[in-house]
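A.B. asks: One structure follows; several queries about it will come next.
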Amino acid sequence: MCLDDTIVAIATPLQPSGLGIIRVSGNESISLIEPLFKAVGNKLKEAKTHKLIHGWIHEDGKLLDQVLIVVMRAPHSYTTEDVIEIQCHGSPIVLRNILSLLLRKGARLAKAGEFTQRAFLHGRIDLTQAEAVADLIHASSDVAANLALQQLHGKLYDAINQVKNQLISVASLVEANIEFPDEETEFTQRDACLQSLNCAAADLENLVSHADQGRRMREGFSVALIGRPNVGKSSLLNTLLCEQRAIVTPLPGTTRDSIEESIQIRGLAFRLTDTAGIRDTEDLIETAGIQRTHNTWQRADLVLLILDASEKLEEDDLSLIHEVDKNRTLAVLNKKDLLSEELPLWHEEISGLESVLISAKSGAGRNELEAMLFAKATLEGLPQQDDIWLTNLRQQEAAKRALTALSRAKEGLEQFKGEEFLAVDLRSSLNALGEIVGETTADDLLGQIFSKFCIGK
Ligand SMILES: Nc1nc2c(ncn2[C@@H]2O[C@H](COP(=O)(O)OP(=O)(O)O)[C@@H](O)[C@H]2O)c(=O)[nH]1
Ligand SMILES: [Mg+2]
């Protein structure tokens, strides 16, 4: 990775808006922009760090835009290099013109995530903080944003470091013992070492135990809306989204493809998928849709089985009732508005399932449904304000490897297996922890992580 050139990117969306920002980082930032900037007051070269200055960007006297510029001098900047941010009008034309001018004058277009990658490579942030930047930008709920903020603040880094330090202290005793064997000290240290390893393992287990739930919090809970045709799946999707997203008609088989949309309930993101109704059909397109329904259903974290409360149960309904996994399914009894009784007559048939009576048409029962979805999603816990959870698969897998090696080390110590084995297991646990924070992460993996960022971040 080349760090000595000057990179540039548009950091705001290319849409007409109040402001647009162009970000430049590298040793040549100031000298590159100096001749292109006509200051109203302070000159760019004399600009104090982190202070806005006012002027015009021009090319050989031709004005491109009136701007505010902030110079953030090394090392007190996002990347730790000289960084300049040009605040111009949020016009896609202006933004592109300024960008192209800077490229012609010698800056290089930044790759996705390259500013953050430089901050990481210069050691200003660790890999978990870099990942938190992307997570925060893409957060789809308050809870996800808060988890990203805790991570950005360095809480995950600190938690991993604490485990690492415990392992390092044991590893150094073990390695000293290998070099200078002394049976007496070795024996007294064994208990203290075991205690440190137990402590480290408990901390790590705590982190790993929340990882699946942390990932769901970050990505949003996937919710499949399933049921036979015409029970009101698409109507329910529209009601929950508060928009007419899916086509609704009285004809069975209207929805053929899956439609995914996100909503937020009490700070949590839910990714709802409306599916093709399940039934036997000769129609080729509908059959392909139903296959998709089965795939969505299997992968979903939660399932809403929609039933028409105003009609008798059909064969297709009954087989779905028997097939669903009761732990992750809510029965949604729809079309409450057409029902004259309190509950449908067949209510007993679904006695093993949690259920809620609603009308997708009028919106009645919607709050209860949302409350039940939230309760089901948070059965495995909800992070509190200051909690730090692992939230991505990469971190989770590395933490699991660290824990496996740590358990082997503990076992080795308990069973007097010899310091050499112990040292190897401690090393591999430390390596896996180092991967989480980016100390021992392979270059190609780093490349992959940053390539998923936005341009300009
Ligand atoms: N009265 C009433 N009709 C509904 C309700 N929900 C859906 N419908 C109607 O049922 C029909 C099928 O709805 P749709 O959402 O397309 O069902 P899907 O095939 O399960 O997606 C449409 O005519 C809807 O207007 C409801 O709560 N009350
Ligand atoms: Mg439908």
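The values are calculated or read from the model by the stated rules, or taken from the named source; none is laboratory data. Please read all numbers here as calculations on a predicted model, not as lab measurements. Neighbour counts are summed over all protein chains in view; Cβ atoms, including those assigned to glycine, are modelled from backbone coordinates with ideal geometry.
A.B. asks: Do we have any residue at all in segment 304-317 that's of a type in the set (S, T, N, Q) and closer than 19 Å to E354 by Cα?
C.D. replies: yes
A.B. asks: A further question follows. Would you be able to tell me the number of residues in segment 336-361 that are among the small types (G, A, S) and in contact with a Lys or Arg (Cβ under 8 Å, 6 or more places away or on another chain)?
C.D. replies: Our first condition is that a residue be among the small types (G, A, S); within segment 336-361, this holds for 340, 351-352, 355, 359-360.
Next, from what is left, pick out any that are in contact with a Lys or Arg (Cβ under 8 Å, 6 or more places away or on another chain): 352, 359-360.
Residues in segment 336-361 being among the small types (G, A, S) and in contact with a Lys or Arg (Cβ under 8 Å, 6 or more places away or on another chain): 3 in total.
A.B. asks: So G289 fits all but one of (1) out of contact with any strand residue (DSSP E or B) (no Cβ under 7 Å at 6 or more places or on another chain); (2) farther than 14 Å from L225 by Cβ; what number is the exception?
C.D. replies: So G289 meets the others, but not (2).
A.B. asks: Look at segment 317-341 and say how many of its residues are under 14 Å from H294 (Cα atoms) and within 13 Å of ligand 1 (Cβ to nearest atom).
C.D. replies: Here the count works out to 1.
A.B. asks: What is the number of the single condition among (1) in contact (Cβ under 8 Å) with a residue 24 or more places away in the chain; (2) surrounded by 14 or more Cβ atoms within 10 Å (Cβ to Cβ); (3) not small (G, A, S) that I53 does not meet?
C.D. replies: I53 satisfies all of (1) in contact (Cβ under 8 Å) with a residue 24 or more places away in the chain; (2) surrounded by 14 or more Cβ atoms within 10 Å (Cβ to Cβ); (3) not small (G, A, S) except (1).
Residues checked against (1) assigned by TED's automatic domain parsing to the domain that holds I84; (2) of a type in the set (S, T, N, Q); (3) assigned to a helix (DSSP H, G or I); (4) within 20 Å of the chain's Cα centre (by Cα):
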residue: V94; (1), (2), (3), (4): yes, no, yes, no
residue: N97; (1), (2), (3), (4): yes, yes, yes, no
residue: L101; (1), (2), (3), (4): yes, no, yes, no
residue: Q117; (1), (2), (3), (4): yes, yes, yes, yes
residue: S140; (1), (2), (3), (4): no, yes, no, yes
residue: N146; (1), (2), (3), (4): no, yes, yes, yes
residue: Q151; (1), (2), (3), (4): no, yes, yes, yes
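A.B. asks: Also, quick follow-up: Do we find that V248 is touching a Cys at 6+ places or on another chain (Cβ under 7 Å) and either within 16 Å of ligand 2 (Cβ to nearest atom) or farther than 22 Å from R328 by Cβ (or both) in this structure?
C.D. replies: So V248 does not fit the description; no.
A.B. asks: Still on this model: For segment 240-345, list the strands (runs of 3 or more DSSP E) that sit wholly inside it and hold at least 3 residues that are in contact (Cβ under 8 Å) with a residue 40 or more places away in the chain and within 25 Å of the chain's Cα centre (by Cα); which are they? Before the answer, list the steps.
C.D. replies: On the way: elements: 259-265, 268-274, 302-308, 329-334.
In segment 240-345, the matching strands (runs of 3 or more DSSP E) lie at 259-265, 268-274, 302-308.
A.B. asks: Just give me the residues in segment 197-239 being more than 24 Å from the chain's Cα centre (by Cα), of a type in the set (D, E, K, R) and part of a helix (DSSP H, G or I), in sequence order.
C.D. replies: Of everything in segment 197-239, just one residue is more than 24 Å from the chain's Cα centre (by Cα), of a type in the set (D, E, K, R) and part of a helix (DSSP H, G or I), namely K233.
A.B. asks: Same structure, new question: Mind listing whichever residues of segment 417-441 are assigned to a loop (DSSP other than H, G, I, E, B) and either buried (at least 16 other Cβ atoms within 10 Å of the Cβ) or modelled with pLDDT of 85 or more (or both)?
C.D. replies: Once the filter is applied, which keeps residues that are assigned to a loop (DSSP other than H, G, I, E, B) and either buried (at least 16 other Cβ atoms within 10 Å of the Cβ) or modelled with pLDDT of 85 or more (or both), segment 417-441 yields G438, E439, T440, T441.
A.B. asks: Looking at L194, is it touching a Lys or Arg at 6+ places or on another chain (Cβ under 8 Å), in contact (Cβ under 8 Å) with a residue 24 or more places away in the chain, assigned to a helix (DSSP H, G or I) and more than 24 Å from R271 (Cβ to Cβ)? Give the derivation first.
C.D. replies: Working: touching a Lys or Arg at 6+ places or on another chain (Cβ under 8 Å): yes; in contact (Cβ under 8 Å) with a residue 24 or more places away in the chain: yes; assigned to a helix (DSSP H, G or I): yes; more than 24 Å from R271 (Cβ to Cβ): yes.
Yes, satisfied.
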